[in-house]
Amino acid sequence: MFPRHLLMAYPNGYRIESALNPHMRDAEGRLKVVDFAKALKEWEALRALYTSLGLNVHVIEAKPEWPDMVFCANQTFPFLDSAEKPAVVLSHMRSDTRKGEVPLFEKWARESGLRVHELKSSEGFEGSGDAIWDFDSMRVIGGYGFRTDQGVYAELASLIKCEVIPVELHDERFYHLDTCFLTLGKSRAAYVQEAFTPDGLSALKNAFQTLIRIPLNEAIDHFAGNAFCPDGENVVLQKGASQFVASLREAGLCVHEVETREYIKAGGSVFCMKQQLWMRA
């Protein structure tokens, strides 16, 4: 059930204008500065890697007035509706500086033949940044606490006709679930233990047969918790997380290390920079 289509946003206008998360400021409290030439090379290399893994990569042009649009896991949540048709749920972005991204993704989805759904709730919901599919079991792990509200998951579960397992985040460095958790297929997942409340950890342990721990220092220094496993066999992540890489290889997974330092400055890496979608053939 792993979808074979990815959406990426060409990073027009990518920059850091305000601090939406703790990663966007340096040790002196100043906003970090993006080297756009490096950022573009990183984006192109990541797209090429996804293509080499046999994934169909679609591209939407980011608009310069929305500097975070490149992080396209956040604006929608993909699912197959009751008629088995590809669909997305639109997000309710927490920050006013990102709300304008959602209509652009809605337009792309409609033009691409996806069915579009909106939540009735006005609560916060940031798409696949917090709601992450376990494709083998067709369940969703739903992070909440910073950008997405817990209450939204009852409505989401009713809409997508799948179980949603809410897990609470409590460390603002891990403001989205995708910064500290990823599914790996075969009832396996990886997680940053320090990012979750005790109840959140308990929910994860009950949901998966195997949990691989991501060291806290690698989650902070290399954004290792924002890795991406598109197919249950390959894992893509930022270079440098040696302990986590060793654990993944020991579990039989093929690891692909990439450079995303310019995006880590804004609090995102490989998972944030794509949306995994079902699409019509």
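Select from the stretch 184-217 the residues that are surrounded by fewer than 24 Cβ atoms within 10 Å (Cβ to Cβ) and among the hydroxyl-bearing types (Ser, Thr, Tyr) and write down the one among them that is farthest from Met1 (Cα to Cα). Selected residue: Thr197.
Does Ile165 satisfy the condition of being assigned to a strand (DSSP E or B), touching a helix residue (DSSP H, G or I) at 6+ places or on another chain (Cβ under 9 Å) and either more than 23 Å from Gly225 (Cβ to Cβ) or in contact (Cβ under 8 Å) with a residue 60 or more places away in the chain (or both)? Judged against the criteria, Ile165 is not a match.
Remark: pairs (first residue in the stretch 79-95, under 15 Å from Gly113 (Cβ atoms); second residue part of a loop (DSSP other than H, G, I, E, B); Cβ separation under 7 Å; 6+ apart in sequence or on different chains) = Leu80/Trp278; Pro86/Leu114; Pro86/Trp278; Pro86/Met279; Pro86/Arg280; Ala87/Asp81; Ala87/Leu114; Val88/Leu114.
If you go through the stretch 201-212 and keep only what is of a type outside the set (Ser, Thr, Tyr) and either more than 20 Å from Glu172 (Cα to Cα) or over 18 Å from the mean Cα position of the chain (by Cα) (or both), you end up with Leu201, Ala203, Lys205, Asn206, Ala207, Phe208, Gln209, Leu211, Ile212. Test Ile220 against the stated conditions and say whether it is among the β-branched types (Val, Ile, Thr) and surrounded by fewer than 22 Cβ atoms within 10 Å (Cβ to Cβ). Here the answer is yes, as Ile220 does meet what is asked.
Quick check, is Glu106 acidic (Asp, Glu) and either over 14 Å from the mean Cα position of the chain (by Cα) or under 17 Å from Val59 (Cβ atoms) (or both)?
Considered against the rule, which asks whether it is acidic (Asp, Glu) and either over 14 Å from the mean Cα position of the chain (by Cα) or under 17 Å from Val59 (Cβ atoms) (or both), Glu106 comes out as yes.
The set of residues in the stretch 28-40 that are free of Cβ contacts under 8 Å to residues at least 12 places away in the same chain and of a type in the set (D, E, K, R) comprises Glu28, Arg30.
Pairing residues of the stretch 119-131 that are farther than 16 Å from Leu169 by Cα with residues that are surrounded by 15 or more Cβ atoms within 10 Å (Cβ to Cβ) and of a type in the set (Val, Ile, Thr), at Cβ distances under 7 Å and at least 6 apart in sequence or on separate chains, gives Leu119/Val89; Leu119/Val152; Ser121/Val152; Glu123/Val152. Does Pro22 meet the test of being exposed (fewer than 14 other Cβ atoms within 10 Å of the Cβ), within 17 Å of Gly129 (Cβ to Cβ) and of a type outside the set (Gly, Ala, Ser)? For Pro22, the condition - exposed (fewer than 14 other Cβ atoms within 10 Å of the Cβ), within 17 Å of Gly129 (Cβ to Cβ) and of a type outside the set (Gly, Ala, Ser) - is met. Scanning the stretch 25-42 for residues that are among the small types (Gly, Ala, Ser) and surrounded by 16 or more Cβ atoms within 10 Å (Cβ to Cβ) gives a single hit, Ala39.
Readers should treat all values here as calculations from the given coordinates under stated rules, not as data from a laboratory. No experiment lies behind these values; they were computed from the predicted model shown. Glycine also receives a Cβ, built like all others from the backbone with ideal geometry; neighbour counts cover every protein chain displayed.
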